[in-house]
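Here the structure is laid out as structure tokens; the discussion comes afterwards.
The values are calculated or read from the model by the stated rules, or taken from the named source; none is laboratory data. Worth saying up front: this structure is predicted, and the values here are computed from it rather than measured. Cβ placement follows ideal geometry from the backbone for every residue including glycine, while neighbour counts extend to all protein chains displayed.
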């Protein structure tokens, strides 16, 4: 299997310029790592997550004919809006297949971006998207198992390495594995002394198990759906991401649900960032494994910020020992 | 009275590099201005507000002898932590005079930054700071009425003009007036076609009244303390800021309390930014005066994000018609 290269990520960086925000590194004090912690706030992207990077790269990589026909993707979450946004930015028609369990607000937001939304029963999602691709000649843009998507997400790592060449540890949320695959590709190529660490909830720890066993395993969705981190419930990393992860990722850490909430609260009160639970897991890893980021600067990717206001309010109102001060 | 120049602001930009974050411009969709709205998120600065810029510039401008002696400032709010932070970054001793009404958390945070905190009765605040300056040979760094502070805040405008030369309207929260003075100086020098607009709460509209009358007026603190925007309760703009504002600011807009809350909610849900009430007033102006930003791109300065978690939770939980969607 051919892996994404640094050159692919550099190409993606040129394509996303002007569409995705080049997010700054924000210093975070007081989490007890002597050499410093910086946040990479991808929650500040136009549709609230890093997904915009991969989606824009995939759309921009299409031929003239491909752009005229359009794209299709299936998602109930951040990928839906990212693909709709990317297509709209390039004047490309987009069809998004969403499960009938999607919140009305997410459907409306996707339609507001100009996409055609097709509602189906959850198990039919991916099949329907593939059908539409064939029937209408649309380019299928999956959320993570795709080289252009991985290359696009890799621009996060390119920016980290460029801004902080001394970085020693990079913590990245993982589910389908597109983000951590891309980040590891760029970081390992540019700053080989740095460790790249994937983070996932204990309750959806299929990647930690895969990593320990040395083979890709899937968890039942009844298990992964227990976590509050709704963006990280994918039952298994993608096939292409797994090939990158086993080669380029140094470790996998897991975090508990209370720590995820504490990290969300810390991000809101100390970094003034709204993070969704999935976006807060990498910081949660630093709270739960304080000795881990021992030497050198640590960068924590805050991957997204699309959280229900009521949940954020609940997290802010609740006393959370880890997040005080 | 000698006004701050573009050259002063360029000097400040060199001094703050590496201490303050160069905040990105974040596109904000759906607020109904055809040419687009961008946020300048100063809430992402290390101590949660733009104040870090002026404080770092003032500390960095000291002589070697001045640095050895140290600085003093009086503040119950963001300036206290910004000055303490700036002093610590330069290895300069800092004394912060705080009123005995300050929340314990703010006192602790200022001390945690290494500053000596002197607690006094509120009316004695400025006098005590001036005394300490004389007694101990400390350099007094006031929150806004100071050329180096204005020049430091002006780097916000420098960055806006550099990143978006086509900018047509810049909306800036105003109270003491240091920020809007500096921003107007840079923006008018670099992009003279752009309007710079100061925004304040209706309940603390001393600047709007001053602007209308053509002379600097003060409001009683019993009046200004009615607003939720606790960073904008200064009874009058400073003398030096006023000289800049009358010369370089195009208009003053006022906003209601409900709109400030709606803007806070919108920032959290659509831009994933935690803003304090004072930090949200410039966006509130766009919500309350939708026709105002007619032509060309609009930049909204989100000046700070130090809000009590309970207040943010309340704003998120409350239905706010303007912020829905």
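What to note about this one:
- Against the numbered list (1) surrounded by fewer than 16 Cβ atoms within 10 Å (Cβ to Cβ); (2) within 14 Å of chain A (Cβ to nearest Cβ), residue B:2 comes up short only at (2).
- Sub-8 Å Cβ pairs linking a first residue in the stretch B:292-314 that is more than 9 Å from chain A (Cβ to nearest Cβ) and surrounded by fewer than 16 Cβ atoms within 10 Å (Cβ to Cβ) to a second residue that is modelled with pLDDT of 95 or more and assigned to a loop (DSSP other than H, G, I, E, B), at least 6 apart or interchain, are B:295/B:168, ordered by first then second residue.
- Picking from residues in the stretch B:84-116 that are away from chain A (no Cβ under 14 Å) and without any contact (Cβ under 8 Å) to a residue 24 or more places away in the chain, the one that is nearest to residue B:136 (Cα to Cα) is B:116.
- Of the strands (runs of 3 or more DSSP E) entirely within the stretch A:1-78, those holding at least 1 residues that are not assigned by TED's automatic domain parsing to the domain that holds residue A:280 occupy A:71-74.
- Any hit, the stretch B:269-287, residues being more than 19 Å from residue A:273 (Cα to Cα) and surrounded by fewer than 24 Cβ atoms within 10 Å (Cβ to Cβ): yes
- Residues located in the stretch A:101-125, provided they are at pLDDT 90 or above and within 20 Å of residue A:221 (Cβ to Cβ): A:119, A:120, A:121, A:124
- Yes/no for residue B:286 being assigned to a helix (DSSP H, G or I) and more than 9 Å from chain A (Cβ to nearest Cβ): yes
- Residue A:52 surrounded by 15 or more Cβ atoms within 10 Å (Cβ to Cβ), touching a helix residue (DSSP H, G or I) at 6+ places or on another chain (Cβ under 7 Å) and away from chain B (no Cβ under 14 Å): no
- Every condition in (1) outside any helix (DSSP H, G or I); (2) under 17 Å from the mean Cα position of the chain (by Cα); (3) closer than 18 Å to residue B:5 by Cβ holds for residue B:155 except the one numbered (1).
- Within the stretch A:15-39, if we keep just the residues that are surrounded by fewer than 16 Cβ atoms within 10 Å (Cβ to Cβ) and over 22 Å from residue B:85 (Cβ atoms), the residue that is modelled with the lowest pLDDT turns out to be A:18.
- When B:165, B:142, B:147 are checked against the criterion of being within 14 Å of the chain's Cα centre (by Cα) and either modelled with pLDDT of 95 or more or within 21 Å of residue B:16 (Cβ to Cβ) (or both), a single residue qualifies: B:142.
- Residue match in the stretch B:234-249 (condition: within 14 Å of another protein chain (Cβ to nearest Cβ), closer than 30 Å to residue B:213 by Cβ and modelled with pLDDT of 95 or more): no
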